[in-house]
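Notes follow once the structure below has been shown.
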Amino acid sequence: MTSAVTIPRHGGTGGRTAVAARARQVVKAYGSGETRVVALDHVDVDIVRGQFTAIMGPSGSGKSTLMHCLAGLDTVTGGQIYLDDTEITGLKDKKLTQLRRDRIGFIFQAFNLLPTLNAIENITLPMDIAGRKPDRAWLDRVVETVGLAGRLKHRPTQLSGGQQQRVAVARALAARPEIIFGDEPTGNLDSRAGAEVLGFLRRSVDELGQTIVMVTHDPVAASYADRVLYLADGRIVDEMHQPTADQVLDRMKDFDARGRTS
Amino acid sequence: MTVLKTSLRNFLAHKGRMALSATAVLLSVAFVCGTLVFTDTMNTTFDKLFQATSSDVTVSAKGSSDSGETTSRTGKPPVVPASVLGRIRGAEGVRSAEGTVFSTSATVVDADKDKLSPSSGAPTIVGSWNGNDARTMEITSGTAPKGPDQVMVDADTADKHDLKLGDEIGVITAVGTHHARVSGVAAFKVTNPGAAIFYLDKKTAQRTLVGATGVYTNVNVTAAKGVTDEQLKKNVVAALGHGYKVQTAKEVAEANQKDVQSILNVMKYAMLGFAGIAFLVGIFLIINTFSMLVAQRTREIGLMRAIGSSRKQINRSVLVEALLLGVLGSVLGVGAGVGIAIGLMKLMGLMDMHLSTDDLTVAWTTPALGLLLGVVVTVLAAYLPARRAGKVSPMAALRDAGAPADARAGAVRAVIGLLLTAAGGGSLYAAAGADEAKAGSGWLGLGVLLTLIGFVVIGPLLAAGLVRVLGAVILRIFGPVGRMAERNALRNPRRTGATGAALMIGLALVACLSVVGSSMVASATDQLDKTVGTDFIVQDDNGKEIVPQAVEAIKKTPGLERVTEYRLLDATLTTPDGTVSKGESINAADPTYAQDLRTKTVAGDLADAYKPDSMSVFEGFAGKHGIKLGSTVAVDFADGRTARLTVRAITSDDVVIDKGAMYTSIATAARYVPADRMPLDDLVFATAADGREAGAYKALKAALHDDFPQYTVRDQTDYKQALKDQIGQLLNMIYGLLALAIIVAVLGVVNTLALSVVERTREIGLMRAIGLSRRQLRRMIRLESVVIAVFGALLGLGLGMGWGATAQKLLALEGLKVLEIPWPTITGVFIGSAFVGLFAALVPAFRAGRMNVLNAIATD
């Protein structure tokens, strides 16, 4: 059994539990019989509210699958996943869609924005879809935080890659989701633009109390997190708190070495 | 070779995306082939029939028509005396000669006074049972007719009207009404497409149809062994002299065939025309498909270019794909065409037209033409997208596959489109203002063509504008989903424009024809109200003349103030300027006709034209030949002598009813045309005494119904309704044929949406990930579809109403004075198009909803 479970604490705000999302004995397998491939092998994970969690691991370790399962984008073969107190495993598409819309934010590696909508329309899209009015003050703050005030009327094609990702971050933040999932959000950016985006994510955790889970293979990106989970062969093999880039890099090298010797 | 291989692989890889284009090609080719097979089969059927039914040589009276139609406007067939029989028999090479009597002017009714004539418009033939018939027909029950009270009927008619041996039938002719009982039923050995045939014995036929014995309408001559038909004809002519019409079997068949052919050709070319429209619409669909495939494959094409493919090769590979599509669609289309032909034959069967699949004729030219058309059209349509593919730079392989660069409609395109539209508008304006129909119709045709092309060219620009308006009006209600639908429709205006334009073509024609049709009804109604002073009009349902007994019956009807007879006589006119005008018609009527139809005159009083040896001419004729009041015109009646008539009135050309008529009185005509050659009435008008209209109408109906069911009496209200129904029926038929083009256009909408959904897989995935529900997604696609369809409908209806209004202005010269826009039809089409949009989105929306979110995101 692999585990990255923290001792449950009760947080001080809103009576919510201190754990924003948890996975219990999650199995994700593809195919059957001889060709069965296990992407997640009985994974237990707690995502702590108000923390920035990074999930790392080599290609094929199952890190993206874990994120997709936690975010309700993918179904699991076994085990349970909870978002706050809601079990999302077994929910029908309609409920899952609502859940994603109202309680989860996403930042993908690329193709985050609808080319037909301008920046501000993209940012408010999840709320528009839900038929909710965005909280004006909050929206302004988010826009200001990600530094997009002058470009709100621009279409995605008129924005640089870094700006596009910042719009995606703003969109994820604007709806005040319980949790934001990022899938290599800086994977397509140069280091400066990447640092900018990661800075915003960090600030949103520190200043806005946002919970963020990010899949990455970049040690520098991981160093912005409060906690790093390491996945290998569908299991959680290690975790690290308050990491630095060097620590993460060393740990990764360590895995690589072990991978080669074993 | 590699080109072919990549093309083939691409074709197979995208077979789903090609399916709708292939269907469009299939439908158009099928319609072309179906039309050809159907008309060829009809030809074969008639050919066989005419071959079988004519004897070696036929002798008939000089006045009878070439095709042996034994009818004339006197209600009695032209005849030859029995004495010719002996002279023919005496000719060399004659084995036998038999005199027969036939007429196509009789009406046959059953005991319930129901007509036994075919509803298909095929003739009702009453004739004597003779040896020639005995060869081509087989008596399936009962016996051949013998004696005055027996009649034999053909099997199809017996079957349809459920006639049994012993049933009573009545034969109504100008001679009188003859009653007989069914003695037998005979079936054709070849296919009889629809004529109803009744046989009497020779004497009875002579008495019933001609009213005299010792005369024949035809003499069927059979050649002795070794004598050709041509030789026989020569011998017969030598024996008879030139006073008779002598034709070989071949000549009769050809003459018959010519009559049939002219009708079939109208049908054939009309249907091919509609197939052409469907092809035109299909072109848009094919262009869209290939444009989208090329856009989706930009990176792939870039890679091919990067590794060394030449532009030409890329270009050719796309064209080869089009070729494959064209061949596949056409081959299936040819097969489906035969199916359509068989379907049409069955449909004809429902309308009393019997065709046998044994006669199914597929000439080699039919599949050849179908294939050629399908392939050429497909490859031509794919040419532009192929060229665009060739222009893809090798750099495209490295770039992100973003939105296609041609999102903005080019300025050049806009200028060309606007110029074309303006030129078209100018032509239409010229057509509307033309004061001569011929010149005007040229302008109209040019205007229609130019505005159509112009609209197609500026379609993308219009799309950008109109979709925004539609968005503001309709889509607002649907909130963000509506907004996204609007943006999606606007994303590639060229695609939206082309998809909408395809729908536009069909709907423009619908709108144009409906405007012209309802203007016709409105104008005619208006004219009827203004000029017609009679209450009732009596007509034959098949456009035949009215027998004298019926006219007597009408005259005896109580409650009538006056009855006017009206007939047409053929004549050759010699005018004071010395010109001889052949083939003119003289409208002979009772003097009361001047009250029944208040035709305006430019000179004289029309009532005077009915005085003895007087006539009227129309303005145009008078002007052309320098005729003034008092001029004398020599009228050489085709069926009589030459009369010298004085012109006492000149009628205005600004009329609708009886335009170009030249009136005289029946009494005048009767002085120059012998009674036995005087045509019967074409129309009879009756006017009720004041206050007795309702009663008289009822009485007239009753009088005709019992004894003369072939005639219908209508008052003005019913006449207008009949006119409206007639035009409505014609329009419905045309709409039915246009449905093909509209179906292809709807396929185009489905195609565009389906390909757009594929193209936007990642976007859809993203939207689903951030919380767009399936229902919202489906609604978004449906709304996009509705917007495209409504856009097409707006263009089409606008354009079509413009065309229709112009046509009306032009046709005002021909009396189409009133412009009436049929708003119910227009609104119906508009609302219908929105539903078409919904319908077209069904499958694409369903498939988009079913898309797996993760796969969608992962798609590169």
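The values are calculated or read from the model by the stated rules, or taken from the named source; none is laboratory data. Computed from a prediction, not measured in an experiment: that's the story for all the values here. Using ideal geometry, Cβ is built from the backbone for each residue, glycine included, and neighbour counts are taken over all protein chains shown.
I'm trying to understand the selection: among the residues of the range A:90-118, which are more than 27 Å from A:THR216 (Cα to Cα), at the interface with another protein chain (Cβ under 9 Å from one of its Cβ atoms) and out of contact with any Leu (no Cβ under 9 Å at 6 or more places or on another chain)? Talk me through it step by step, then tell me what you get.
So in the range A:90-118, the residues more than 27 Å from A:THR216 (Cα to Cα) come out as A:90-95, A:116-118.
Subset that is at the interface with another protein chain (Cβ under 9 Å from one of its Cβ atoms): A:93-94, A:116-117.
Across the range A:90-118, the qualifying residues are A:ASP93, A:LYS94.
Could you tell me which residue of the range B:521-532 is nearest to B:ALA741 (Cα to Cα), considering only residues that are of a type in the set (A, V, I, L, M, F, W, C) and part of a helix (DSSP H, G or I)? Full working, then the answer.
Of all residues in the range B:521-532, those of a type in the set (A, V, I, L, M, F, W, C) come to B:521-522, B:524, B:528, B:532.
Restricting the remaining residues to those that are part of a helix (DSSP H, G or I) gives B:521-522, B:524, B:528.
Numbers: B:VAL521: 26, B:ALA522: 28, B:ALA524: 31, B:LEU528: 36 Å.
Result: B:VAL521.
Of the residues B:ALA106, B:ALA82, B:ALA24, which single one is among the aliphatic types (A, V, I, L, M), buried (at least 19 other Cβ atoms within 10 Å of the Cβ) and assigned by TED's automatic domain parsing to the domain that holds B:PRO193?
Details: B:ALA82 fails: buried (at least 19 other Cβ atoms within 10 Å of the Cβ); B:ALA24 fails: assigned by TED's automatic domain parsing to the domain that holds B:PRO193.
Residue meeting the stated conditions: B:ALA106.
State all residues of the range A:58-79 that are within 21 Å of A:VAL248 (Cα to Cα) and aliphatic (A, V, I, L, M); if no residue qualifies, say none.
The answer is A:LEU66, A:MET67.
In the range A:31-59, which residue that is touching a residue at least 60 places away in the same chain (Cβ under 8 Å) and not in a strand (DSSP E or B) is surrounded by the fewest Cβ atoms within 10 Å (Cβ to Cβ)?
We begin by selecting, within the range A:31-59, every residue touching a residue at least 60 places away in the same chain (Cβ under 8 Å); these are A:38-45, A:47-59.
Add one more test, that the residue is not in a strand (DSSP E or B), and what stays is A:49-51, A:57-59.
On the way: A:ARG49: 21, A:GLY50: 17, A:GLN51: 19, A:GLY57: 25, A:PRO58: 16, A:SER59: 7.
The extreme case among them is A:SER59.
Here's the yes/no breakdown for (1) in a strand (DSSP E or B); (2) within 29 Å of A:ILE123 (Cα to Cα); (3) free of Cβ contacts under 8 Å to residues at least 60 places away in the same chain:
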position: B:GLY440; (1), (2), (3): no, no, no
position: B:LEU449; (1), (2), (3): no, no, yes
position: B:PRO460; (1), (2), (3): no, no, yes
position: B:ALA463; (1), (2), (3): no, yes, no
position: B:PRO480; (1), (2), (3): no, yes, yes
position: B:ALA501; (1), (2), (3): no, no, no
position: B:ILE505; (1), (2), (3): no, no, no
position: B:CYS512; (1), (2), (3): no, no, no
position: B:SER519; (1), (2), (3): no, no, no
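Give me a count of the residues in the range B:465-478 that are surrounded by fewer than 19 Cβ atoms within 10 Å (Cβ to Cβ) and either part of a helix (DSSP H, G or I) or modelled with pLDDT of 85 or more (or both). Can you show your working first?
To start, the set of residues in the range B:465-478 that are surrounded by fewer than 19 Cβ atoms within 10 Å (Cβ to Cβ) comprises B:465, B:468-469, B:472-474, B:476-478.
Next, only the ones that are either part of a helix (DSSP H, G or I) or modelled with pLDDT of 85 or more (or both) stay: B:465, B:468-469, B:472-473, B:476-478.
Number of matching residues: 8.
Considering the range A:119-142 alone, what residues qualify as being in a loop (DSSP other than H, G, I, E, B) and at the interface with chain B (Cβ under 10 Å from one of its Cβ atoms)? Don't jump to the end; show me each part of the working.
Filtering the range A:119-142 down to residues in a loop (DSSP other than H, G, I, E, B) leaves A:131-135.
Answer for the range A:119-142, where residues must be in a loop (DSSP other than H, G, I, E, B) and at the interface with chain B (Cβ under 10 Å from one of its Cβ atoms): just A:GLY131.
Only residues that are in contact with a strand residue (DSSP E or B) (Cβ under 8 Å, 6 or more places away or on another chain) and within 17 Å of A:ALA21 (Cα to Cα): list them for the range A:101-111, please. I'd like the intermediate steps shown before the answer.
Looking only at the range A:101-111, we keep the residues that are in contact with a strand residue (DSSP E or B) (Cβ under 8 Å, 6 or more places away or on another chain), and these are A:103-109.
Within the range A:101-111, A:ARG103, A:ILE104, A:GLY105, A:PHE106 qualify.
Exactly one of these conditions fails for B:GLY497: (1) among the small types (Gly, Ala, Ser); (2) surrounded by fewer than 22 Cβ atoms within 10 Å (Cβ to Cβ); (3) more than 11 Å from every other protein chain (Cβ to nearest Cβ). Give me its number.
(2) is the only condition that B:GLY497 fails.
Is it true that some residue in the range B:671-687 is out of contact with any strand residue (DSSP E or B) (no Cβ under 7 Å at 6 or more places or on another chain), modelled with pLDDT under 90 and under 20 Å from B:VAL538 (Cβ atoms)?
Yes, the range B:671-687 has at least one match.
Can you find a residue in the range B:635-642 that is outside the structural domain of B:SER519 (by TED's automatic domain parsing), without any contact (Cβ under 8 Å) to a residue 24 or more places away in the chain and closer than 19 Å to B:ALA609 by Cβ?
Keep residues of the range B:635-642 that are outside the structural domain of B:SER519 (by TED's automatic domain parsing), which gives B:635-642.
Those still in the list that are without any contact (Cβ under 8 Å) to a residue 24 or more places away in the chain too: none.
No, the range B:635-642 has no match at all.
Answer yes or no as to whether B:GLY736 is at pLDDT 90 or above, assigned to a helix (DSSP H, G or I), away from chain A (no Cβ under 12 Å) and surrounded by fewer than 21 Cβ atoms within 10 Å (Cβ to Cβ). Walk me through it before giving the result.
Details: at pLDDT 90 or above: no; assigned to a helix (DSSP H, G or I): yes; away from chain A (no Cβ under 12 Å): yes; surrounded by fewer than 21 Cβ atoms within 10 Å (Cβ to Cβ): yes.
In short, no.
To keep it simple, each residue is scored yes or no on (1) at pLDDT 90 or above; (2) away from chain A (no Cβ under 14 Å); (3) part of a helix (DSSP H, G or I); (4) in contact with a strand residue (DSSP E or B) (Cβ under 6 Å, 6 or more places away or on another chain).
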{"position": "B:GLY771", "(1), (2), (3), (4)": "no, no, no, no"}
{"position": "B:ARG778", "(1), (2), (3), (4)": "yes, no, yes, no"}
{"position": "B:LEU799", "(1), (2), (3), (4)": "yes, yes, yes, no"}
{"position": "B:THR806", "(1), (2), (3), (4)": "yes, yes, yes, no"}
{"position": "B:ALA812", "(1), (2), (3), (4)": "no, yes, yes, no"}
{"position": "B:VAL818", "(1), (2), (3), (4)": "no, yes, no, no"}
{"position": "B:ALA834", "(1), (2), (3), (4)": "yes, yes, yes, no"}
{"position": "B:ALA841", "(1), (2), (3), (4)": "yes, yes, yes, no"}
{"position": "B:ALA845", "(1), (2), (3), (4)": "yes, yes, yes, no"}
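With the requirement that a residue be in a loop (DSSP other than H, G, I, E, B) and out of contact with any Gly (no Cβ under 6 Å at 6 or more places or on another chain), what does the range A:176-187 give you? Show your work before the answer.
Taking the range A:176-187 as the starting set, the residues that turn out to be in a loop (DSSP other than H, G, I, E, B) are A:176-178, A:184-187.
Passing the criteria: A:ARG176, A:GLU178, A:GLU184, A:PRO185, A:GLY187.
Could you grab me the full set of residues in the range B:267-315 that are farther than 24 Å from B:LEU27 by Cα and either touching a strand residue (DSSP E or B) at 6+ places or on another chain (Cβ under 9 Å) or among the small types (Gly, Ala, Ser) (or both)? Explain how you work it out, then say what you get.
Of the range B:267-315, the ones farther than 24 Å from B:LEU27 by Cα are B:294-315.
Passing the criteria: B:ALA295, B:GLY302, B:ALA306, B:GLY308, B:SER309, B:SER310.
For the range A:87-97, indicate whether the set of residues that are assigned to a helix (DSSP H, G or I) and either within 19 Å of the chain's Cα centre (by Cα) or at positive phi (or both) is non-empty.
We begin by selecting, within the range A:87-97, every residue assigned to a helix (DSSP H, G or I); these are A:93-97.
So of that shortlist, the ones also either within 19 Å of the chain's Cα centre (by Cα) or at positive phi (or both) come out as A:96-97.
Yes, the range A:87-97 contains a residue that is assigned to a helix (DSSP H, G or I) and either within 19 Å of the chain's Cα centre (by Cα) or at positive phi (or both).
Would you call A:ALA168 assigned to a helix (DSSP H, G or I), over 18 Å from B:LEU777 (Cα atoms), more than 14 Å from every other protein chain (Cβ to nearest Cβ) and modelled with pLDDT of 85 or more? Don't jump to the end; show me each part of the working.
Values: assigned to a helix (DSSP H, G or I): yes; over 18 Å from B:LEU777 (Cα atoms): yes; more than 14 Å from every other protein chain (Cβ to nearest Cβ): no; modelled with pLDDT of 85 or more: yes.
When the stated conditions are applied, A:ALA168 does not pass them.
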